[in-house]
1. Residues of segment 34-51 with amide nitrogen under 20 Å from the 7 Å Cα-to-Cβ point of ASP95?
2. Using Cα-Cα distances under 8 Å and only pairs 6 or more residues apart, what relative contact order does the chain have, in percent?
3. Taking 0.36 nm per intervening residue step and subtracting the Cα-Cα distance, what contour gain separates ASN74 from LYS147 on full extension?
4. Quick one: divide the alpha-carbon radius of gyration of the chain by 2.2 N^0.38 Å and tell me what you get.
5. Just LEU160, LEU123, LEU75 to compare: in a GNM of the chain, with alpha carbon springs under 10 Å, which one fluctuates most?
6. For segment 5-76, what class follows from the C-alpha gyration tensor (a ≥ b ≥ c being the square roots of its eigenvalues): rounded when a/c is under 1.5, otherwise prolate if a/b is larger than b/c, else oblate?
7. For segment 3-193, with only Lys/Arg (+1) and Asp/Glu (-1) charged at the beta-carbon, what is the dipole magnitude about the Cα centre, in debye rounded to 20?
8. Rounding to the nearest 20 debye, state how big the charge dipole of segment 95-194 is about its Cα centre with +1 on each Lys and Arg Cβ and -1 on each Asp and Glu Cβ.
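Throughout, read-outs are computed from the coordinates displayed, never taken from laboratory work. If you're wondering where the values come from, they're calculated on a predicted model, not measured in any experiment. Reconstructed Cβ throughout: ideal geometry from the backbone, glycine too, with neighbour counts over all protein chains shown.
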Amino acid sequence: MDKEKALDAINLKWEQECSCALREQATQAVPGEGSAKSEIVFIGEAPGAKEDEEGRPFVGAAGKFLNEMLANINLKREDVYITNIVKYRPPNNRDPSSEEIESCQAWLSEQIKIIQPKIIVTLGRHALTHFLPDKKISDAHGRAFRKTFPNIGTLVFFALYHPAAALYNGSMREILIRDFRKIPKVLKKITSLD
């Protein structure tokens with residue numbers, strides 16, 4: 001089975017089997033979208049209202065900003081895979097609880113195992129601390145970290161501020177754009193080590 005079909009099958013399976021309590025209020029699951037063959041996976045926190053409505057990640061103002069930054073490094077949404085640690089919208093866009101994150105964990109792990117990205121770009125503190133609980137976004141942003149997990153293997157994580165946070169903070173926006181431009185260099189370095 002090719003990666004696209006395997007990813008579709010996993011997403012279909014978990015849409016039916018995910019035990020996340022958030023699914024009760026959500027319109028639908030937001031599994032993720034993009035290329036299953038991508039070298040880069042972007043992982044945010046959770047879907048917002050627009051994402052819940054459309055069933056697609058990062059489609060609101062933060063998504064528009066993400067698209068602009070991708071274009072700055074000569075990529076499109078279709079070239080990467082974009083998802084969240086939680087697959088359902090928390091009410092009123094509140095932070096997801098540790099139980100909600102935990103109940104979506106196997107789904108995210110299976111997506112990562114199928115795609116086998118060279119780099120996982122964490123968008124915001126929730127995505128960062130999910131994988132690297134000892135890191136603070138204010139210190140880690142714009143840096144790459146390698147970590148091994150028993151269920152998904154050794155991966156490189158690149159920490160970024162969340163695009164939504166940067167929309168309301170001009171100085172953070174500049175930092176995010178500058179950090180984002182490092183992605184191709186980090187990818188090149190990883191590829192040269194393979």
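1. Output list for this probe position: 43-49.
2. For the chain, the relative contact order is 23 percent.
3. My answer for the length gained is 23.5 nm.
4. Cα-based Rg divided by the globular estimate yields 0.95.
5. LEU75
6. The shape class here is oblate.
7. 980 debye
8. 720 debye
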